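First the structure, in the form of C-alpha coordinates, and then the observations on it.
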Amino acid sequence: PQIGWPFNVGGEPGQVPGPDEALTEEIGIRSVGPFPGNGHFYMVIPSEDGVTWNEAKTAAESTVFEGVSGHLATFTSREEYDWFVESARWNEEAWIGGFKTIRGQGPDSEWRWVTGEPWSFAAWSDGEPNSRWTGENVSLALWQNDESWRDEGQGSSLREYIVEFPVGESLVAS
(Lines give C-alpha, C1' and ligand atoms only; values in the text may rest on other atoms or scores of the structure.)
Protein backbone atom coordinates (compact mmCIF):
# COMPACT_ATOMS: atom_id res chain seq x y z
CA PRO A 1 0.00 0.00 0.00
CA GLN A 2 1.05 3.54 -0.68
CA ILE A 3 1.47 5.65 2.44
CA GLY A 4 -0.36 8.93 2.21
CA TRP A 5 0.98 12.05 3.88
CA PRO A 6 0.86 14.04 5.94
CA PHE A 7 0.08 11.55 8.68
CA ASN A 8 0.39 11.60 12.44
CA VAL A 9 2.27 8.93 14.34
CA GLY A 10 1.11 7.56 17.68
CA GLY A 11 -1.34 8.74 20.29
CA GLU A 12 -4.66 8.95 18.41
CA PRO A 13 -6.99 6.17 17.25
CA GLY A 14 -6.47 5.40 13.59
CA GLN A 15 -2.99 6.87 13.43
CA VAL A 16 0.13 4.97 12.48
CA PRO A 17 1.58 3.40 15.65
CA GLY A 18 4.69 4.95 17.19
CA PRO A 19 8.00 3.31 18.11
CA ASP A 20 6.61 1.79 21.32
CA GLU A 21 4.04 -0.25 19.37
CA ALA A 22 4.37 -3.00 16.78
CA LEU A 23 4.41 -1.48 13.30
CA THR A 24 2.48 -3.47 10.75
CA GLU A 25 4.14 -5.40 7.95
CA GLU A 26 1.57 -3.97 5.58
CA ILE A 27 2.66 -0.37 6.15
CA GLY A 28 6.34 -1.23 6.37
CA ILE A 29 7.44 1.69 8.56
CA ARG A 30 10.43 0.81 10.72
CA SER A 31 11.29 2.96 13.71
CA VAL A 32 14.19 3.23 16.13
CA GLY A 33 14.95 5.42 19.09
CA PRO A 34 15.57 7.25 21.10
CA PHE A 35 19.22 7.92 20.32
CA PRO A 36 20.88 8.38 23.76
CA GLY A 37 22.89 11.40 22.60
CA ASN A 38 19.90 13.61 21.75
CA GLY A 39 16.69 11.68 22.53
CA HIS A 40 15.55 11.76 18.88
CA PHE A 41 13.43 9.05 17.25
CA TYR A 42 13.88 7.94 13.63
CA MET A 43 11.58 6.23 11.12
CA VAL A 44 12.41 4.58 7.82
CA ILE A 45 9.36 5.18 5.63
CA PRO A 46 8.81 3.23 2.41
CA SER A 47 7.22 4.45 -0.80
CA GLU A 48 6.15 1.78 -3.30
CA ASP A 49 6.37 4.13 -6.25
CA GLY A 50 9.46 5.98 -5.04
CA VAL A 51 9.84 9.62 -4.05
CA THR A 52 12.17 12.42 -5.07
CA TRP A 53 14.23 14.18 -2.40
CA ASN A 54 11.85 17.19 -2.42
CA GLU A 55 8.81 14.91 -2.01
CA ALA A 56 10.56 13.08 0.85
CA LYS A 57 11.47 16.41 2.50
CA THR A 58 7.86 17.62 2.30
CA ALA A 59 6.53 14.30 3.61
CA ALA A 60 9.03 14.25 6.48
CA GLU A 61 8.12 17.79 7.53
CA SER A 62 4.42 16.86 7.42
CA THR A 63 4.87 13.79 9.63
CA VAL A 64 4.19 14.24 13.35
CA PHE A 65 5.28 12.04 16.25
CA GLU A 66 4.43 12.85 19.88
CA GLY A 67 3.30 16.31 18.72
CA VAL A 68 6.64 17.11 17.04
CA SER A 69 7.10 17.56 13.29
CA GLY A 70 9.85 15.54 11.67
CA HIS A 71 12.52 16.34 9.11
CA LEU A 72 14.75 14.27 6.87
CA ALA A 73 17.36 12.68 9.13
CA THR A 74 20.54 14.61 9.84
CA PHE A 75 23.49 12.60 11.13
CA THR A 76 25.79 15.19 12.67
CA SER A 77 28.17 12.92 14.57
CA ARG A 78 29.87 9.54 14.17
CA GLU A 79 28.11 8.34 17.36
CA GLU A 80 24.64 9.20 16.07
CA TYR A 81 25.32 7.66 12.68
CA ASP A 82 26.85 4.44 14.05
CA TRP A 83 23.93 4.05 16.47
CA PHE A 84 21.42 4.47 13.63
CA VAL A 85 23.20 2.02 11.31
CA GLU A 86 23.34 -0.58 14.10
CA SER A 87 19.69 0.00 15.14
CA ALA A 88 17.78 0.49 11.90
CA ARG A 89 16.99 -1.50 8.79
CA TRP A 90 16.43 -0.10 5.31
CA ASN A 91 16.31 -1.89 1.97
CA GLU A 92 18.43 -0.11 -0.63
CA GLU A 93 18.89 3.63 -0.71
CA ALA A 94 17.00 6.07 1.50
CA TRP A 95 16.88 9.87 1.36
CA ILE A 96 18.39 11.78 4.29
CA GLY A 97 18.54 15.51 4.97
CA GLY A 98 21.77 16.62 3.30
CA PHE A 99 21.78 18.83 0.20
CA LYS A 100 23.79 21.34 -1.76
CA THR A 101 22.34 23.97 -4.05
CA ILE A 102 25.44 25.83 -5.19
CA ARG A 103 28.15 23.98 -7.01
CA GLY A 104 31.34 24.66 -5.09
CA GLN A 105 34.93 24.14 -6.10
CA GLY A 106 34.86 20.44 -5.25
CA PRO A 107 32.28 17.70 -4.81
CA ASP A 108 32.58 17.81 -1.00
CA SER A 109 32.02 21.57 -0.68
CA GLU A 110 28.85 23.47 0.24
CA TRP A 111 26.89 20.57 1.79
CA ARG A 112 24.16 21.54 4.28
CA TRP A 113 21.60 19.88 6.54
CA VAL A 114 17.88 20.69 6.21
CA THR A 115 17.88 21.77 9.88
CA GLY A 116 20.73 24.28 9.48
CA GLU A 117 22.95 22.25 11.85
CA PRO A 118 26.68 22.49 11.13
CA TRP A 119 28.07 20.06 8.55
CA SER A 120 30.70 18.50 10.80
CA PHE A 121 30.47 14.80 9.93
CA ALA A 122 30.23 12.79 6.70
CA ALA A 123 30.14 9.05 5.87
CA TRP A 124 30.76 9.07 2.12
CA SER A 125 31.07 5.87 0.05
CA ASP A 126 34.36 5.43 -1.77
CA GLY A 127 34.43 7.82 -4.73
CA GLU A 128 31.61 9.95 -3.30
CA PRO A 129 30.49 12.60 -3.52
CA ASN A 130 31.16 12.56 -7.23
CA SER A 131 29.04 15.52 -8.37
CA ARG A 132 27.95 13.73 -11.51
CA TRP A 133 24.63 15.54 -11.22
CA THR A 134 25.52 18.65 -13.21
CA GLY A 135 23.02 21.45 -13.50
CA GLU A 136 20.81 20.22 -10.66
CA ASN A 137 20.56 20.47 -6.95
CA VAL A 138 22.19 17.51 -5.29
CA SER A 139 20.88 15.58 -2.29
CA LEU A 140 22.09 12.90 0.05
CA ALA A 141 21.12 9.22 0.08
CA LEU A 142 22.09 6.58 2.61
CA TRP A 143 23.28 3.48 0.75
CA GLN A 144 22.43 0.12 2.34
CA ASN A 145 25.17 -1.99 0.72
CA ASP A 146 28.08 -0.37 2.56
CA GLU A 147 26.14 1.80 5.06
CA SER A 148 27.54 5.00 3.62
CA TRP A 149 26.40 8.07 1.69
CA ARG A 150 26.07 8.88 -1.99
CA ASP A 151 25.13 12.10 -3.72
CA GLU A 152 22.06 11.85 -5.95
CA GLY A 153 20.18 14.30 -8.15
CA GLN A 154 17.09 15.66 -6.41
CA GLY A 155 15.00 14.38 -9.31
CA SER A 156 16.07 10.77 -8.64
CA SER A 157 13.40 8.52 -7.19
CA LEU A 158 14.19 6.34 -4.16
CA ARG A 159 11.86 3.91 -2.37
CA GLU A 160 12.58 5.00 1.21
CA TYR A 161 13.35 8.07 3.29
CA ILE A 162 14.41 8.51 6.89
CA VAL A 163 12.56 10.90 9.19
CA GLU A 164 14.03 12.22 12.43
CA PHE A 165 11.86 13.54 15.25
CA PRO A 166 13.55 15.83 17.83
CA VAL A 167 11.13 14.75 20.58
CA GLY A 168 13.65 14.16 23.38
CA GLU A 169 15.87 17.24 23.19
CA SER A 170 14.53 18.78 26.39
CA LEU A 171 14.98 15.49 28.25
CA VAL A 172 18.63 15.10 27.18
CA ALA A 173 19.49 18.76 27.86
CA SER A 174 18.25 18.67 31.46
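The 3J(HN,Hα) values that the Karplus relation (6.51, -1.76, 1.60; θ = phi - 60°) gives for segment 86-93 are, in residue order, 6, 9, 9, 9, 9, 8, 9, 10 Hz. Gly and Pro appear as x. Full extension of the chain between V85 and F121 gives 11.5 nm of extra length, using 0.36 nm per residue less the Cα-Cα distance.
Under 5 Å from the amide H of W124 lie the amide H atoms of W149, each residue being 5 or more positions distant or on a separate chain, with H modelled from the backbone and absent for Pro and chain starts. Seen from V51, the other residues with C-beta closer than 11 Å to its C-beta sum to a net charge of -2, counting Lys and Arg as +1 and Asp and Glu as -1.
Judged by the mean number of other Cβ atoms found within 10 Å, the most tightly packed of the peptides 111-121, 90-100 leads the ranking 90-100, 111-121.
Arrange the residues V68, V32 by how much accessible surface each exposes, largest first, with a 1.4 angstrom probe. Intermediate values should be presented prior to the final figure.
Working: V68 40, V32 20 Å².
Ranked from most to least accessible, the order is V68, V32.
Note on R78 and S62: the extension gain reaches 3.0 nm, defined as 0.36 nm multiplied by sequence separation minus the Cα-Cα distance. Considering segment 57-101 at the alpha-carbon level, its Rg and Dmax are found to be 11.9, 32 Å.
Check each of the GluC sites (Glu not before Pro) in segment 42-84 and keep only those in coil by DSSP with at most 16 other C-beta atoms within 10 angstrom; list them in order. Taking segment 42-84 and a limit of 16 other Cβ atoms within 10 Å, the loop GluC sites (Glu not before Pro) found are E66.
The values are calculated or read from the model by the stated rules, or taken from the named source; none is laboratory data. Source: prediction; values computed, not measured. Note: ideal-geometry Cβ built from the backbone for every residue, glycine included; neighbour counts use all protein chains shown. Accessible surface is based on the protein model in full, side chains and every heavy atom, while ligands, DNA and RNA are left aside. Shrake-Rupley method; radii C 1.70, N 1.55, O 1.52, S 1.80 Å.
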